[in-house]
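The structure appears right after this line, and notes come after that.
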Amino acid sequence: MALRNKVALVTGAAMGIGRGITEILLQHGAKVALLDVNETAARGLMEVLKKQFGQERSLFLKCNVESEEQMKAAFQKTVEVFGGIDILCNNAGIVNESAWEKTVSINLVAVIRGTYLALEHMNKLTQGQGGVIVNIASMAGIGPLLSSPVYTATKNGVVGFTRAMAAASIASGYGVRFNVLCPSFVKTGLIPSTSSNMGQFSHLFDAANQLMEKIGILTVPEVAECFLELVTDETKNGEALLVMPKVKKYVTFPSL
Ligand SMILES: NC(=O)c1ccc[n+]([C@@H]2O[C@H](COP(=O)([O-])OP(=O)(O)OC[C@H]3O[C@@H](n4cnc5c(N)ncnc54)[C@H](O)[C@@H]3O)[C@@H](O)[C@H]2O)c1
Ligand SMILES: CCCCC[C@H](O)/C=C/C=C\C/C=C\C/C=C\CCCC(=O)O
């Protein structure tokens, strides 16, 4: 898929991996709607993006992905301004084992909601033009992160949901591809510097840090390049791409 003038919507776009994904989409000619709850960070980023890529190619929409109303309004506004949606990246996520219901709400419920909203616009069976949805899970969506069982559950959920949606899309003829990206640790503000968000698992903070030292840390651009592959390579559908330092691997699952 060539990205020139394609319309992308990225959640959690103001910082970290979402920012990197937004930048690589703009670099390849797409228009991007940036959804984020952090207005200060997003406004700062928008100044940079408008200077670098022009006034008309990006749009910030303040949106808490936990709110169905705000999500609906943001998708609608994107369609009004840019004329449709070709690419969705459900990226917003948190690590918080204390506020575990909120973790499920942002990391899994909002991914499902975002996917269904995008499908309303993309589905070829309902006059859409097709498209591609890439969900950002984690290596914790494949193997367990001992300090963060609920985070692990949400990311396993995102992997399963994405793969099932890909199968449903193929069987139904939606004309929409679904892929999931599973990075190991990435250098962003998400990596906790204290155990305060780990709740009853705070005693495992050091163990998580040891795992991070053993595996190593990815940069945001490395992750963004893998995202780009899942969007542009039209042979990729129903794929889970695991990315670790010096490793990029399409995950194989037992065939049933
Ligand atoms: N950093 C890592 O080590 C790592 C590894 C694998 C996967 N991931 C996943 O990548 C995604 C992005 O993580 P990151 O490392 O860039 O984190 P980050 O904290 O740097 O950025 C997350 C962004 O999401 C936004 N956000 C958070 N809650 C939101 C909400 N309710 N509504 C709208 N926006 C919201 C934040 O404001 C922020 O801009 C997450 O889904 C995370 O689980 C991160
Ligand atoms: C508390 C840190 C939060 C970061 C979460 C982020 O999504 C990163 C996760 C990356 C990796 C950890 C996930 C699972 C580990 C699975 C298997 C580890 C086995 C590695 C080994 O022993 O070689």
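Worth pointing out:
- When the residues of segment 216-239 are filtered to those that are hydrophobic (A, V, I, L, M, F, W, C), in contact (Cβ under 8 Å) with a residue 60 or more places away in the chain and surrounded by 18 or more Cβ atoms within 10 Å (Cβ to Cβ), the one that is nearest to residue 8 (Cα to Cα) is 231.
- Just one residue in the set 178, 161, 185 is within 14 Å of residue 237 (Cβ to Cβ) and among the aromatic types (Phe, Trp, Tyr); that residue is 178.
- Assessment of segment 37-53 against the conditions (modelled with pLDDT of 95 or more, touching a helix residue (DSSP H, G or I) at 6+ places or on another chain (Cβ under 7 Å) and small (Gly, Ala, Ser)) yields no matching residue.
- Qualifying residue in segment 89-108 (condition: within 16 Å of ligand 2 (Cβ to nearest atom), hydroxyl-bearing (Ser, Thr, Tyr), at pLDDT 95 or above and part of a loop (DSSP other than H, G, I, E, B)): yes
- Condition met for residue 53 (more than 17 Å from the chain's Cα centre (by Cα) and either within 9 Å of ligand 1 (Cβ to nearest atom) or among the aromatic types (Phe, Trp, Tyr) (or both)): yes
- Residue match in segment 53-70 (condition: crowded, with 22+ Cβ neighbours inside 10 Å and within 16 Å of ligand 2 (Cβ to nearest atom)): no
- Residue match in segment 194-204 (condition: more than 12 Å from ligand 1 (Cβ to nearest atom) and within 19 Å of the chain's Cα centre (by Cα)): no
- Residues in segment 114-139 that are closer than 20 Å to residue 21 by Cα and part of a loop (DSSP other than H, G, I, E, B): 137, 138.
- Test: residue in segment 30-47 that is assigned to a helix (DSSP H, G or I), touching a residue at least 40 places away in the same chain (Cβ under 8 Å) and at negative phi: no
- The condition of being of a type outside the set (A, V, I, L, M, F, W, C), touching a helix residue (DSSP H, G or I) at 6+ places or on another chain (Cβ under 9 Å) and buried (at least 19 other Cβ atoms within 10 Å of the Cβ) holds for only one of 93, 84, that being 93.
- Criterion: touching a strand residue (DSSP E or B) at 6+ places or on another chain (Cβ under 8 Å) and over 17 Å from residue 81 (Cβ atoms) - qualifying residue of 15, 46: 15
- Qualifying positions in segment 150-185 - within 11 Å of ligand 2 (Cβ to nearest atom) and hydroxyl-bearing (Ser, Thr, Tyr): 151, 152, 154, 184
- Residue 86 farther than 21 Å from residue 222 by Cα, among the charged types (D, E, K, R) and within 13 Å of ligand 1 (Cβ to nearest atom): no
- When residue 151 is tested against (1) loosely packed, with under 14 Cβ neighbours inside 10 Å; (2) aromatic (Phe, Trp, Tyr); (3) within 12 Å of ligand 1 (Cβ to nearest atom), only condition (1) is not met.
- Residue 199 satisfies every condition listed in (1) at positive phi; (2) in contact with a Gly (Cβ under 6 Å, 6 or more places away or on another chain) except (2).
- Residue tally, condition under 24 Å from residue 25 (Cα atoms), near ligand 2 (Cβ under 7 Å from one of its atoms) and buried (at least 24 other Cβ atoms within 10 Å of the Cβ), over segment 134-148: 1
The values are calculated or read from the model by the stated rules, or taken from the named source; none is laboratory data. Quick caveat: nothing in here was measured; it's all calculated off a predicted structure. Here the Cβ is made from the backbone with ideal geometry for all residues, glycine too, and neighbour counts use every protein chain on show.
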